[in-house]
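Notes for the one structure printed next.
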Amino acid sequence: MTNVEFVIQMEKDGEKYYKEQAQKNKGNELENLFLDLANDEKKHAEIIENWAKKNIYDLKESEIIKKFTNVFKNKDEIKSNVRFKPEQLEIYQFALKIENESIDLYEKMLKEANDDLEKRLFEFLISEENRHKEIFENLIDHVRKAEEWVESAEFGIRKDKY
């Protein structure tokens, strides 16, 4: 398998994984997040396929960060709509690992790029995967804060009254 075939398969595997997570989160805020992530990964695979075939491709940035920033700002809403299960933290950590591995691979491919067009492609993919990484870092942080507070509520940080 060539590097290009590997990268395309990696993006398709990411799409499949995020669709599975969307199914597991049917009916809550995370369903749409995972569906949008799956669509992003599908677009990445298509871009790389077009690049490999020397076809024209569009490097349009994903709107996912703008769209889902609100998920983390409205913490009360996410608490009521999303029921966290213990294994969800592991799911988010695994997804973060996938995104980090993608970034590492694209950074390697960027260093090996032969021309400006190829460099722009890998810079774009790195930027896209960094957006996905930010989402999972926020989800992990949100879940961990909730777990830490519950585990040690009497020792939690309290706001000063004055």
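Points worth noting:
- One residue from 38, 22 being closer than 27 Å to residue 143 by Cβ, in contact with a helix residue (DSSP H, G or I) (Cβ under 9 Å, 6 or more places away or on another chain) and either free of Cβ contacts under 8 Å to residues at least 24 places away in the same chain or not in a helix (DSSP H, G or I) (or both): 22
- Index of the failed condition, residue 13 passing every other in (1) surrounded by 15 or more Cβ atoms within 10 Å (Cβ to Cβ); (2) modelled with pLDDT of 85 or more; (3) in a helix (DSSP H, G or I): (1)
The values are calculated or read from the model by the stated rules, or taken from the named source; none is laboratory data. All values derive from a computational prediction rather than experimental measurement. Positions of Cβ are generated from backbone atoms using ideal geometry, with glycine treated the same way; all protein chains shown enter the neighbour counts.
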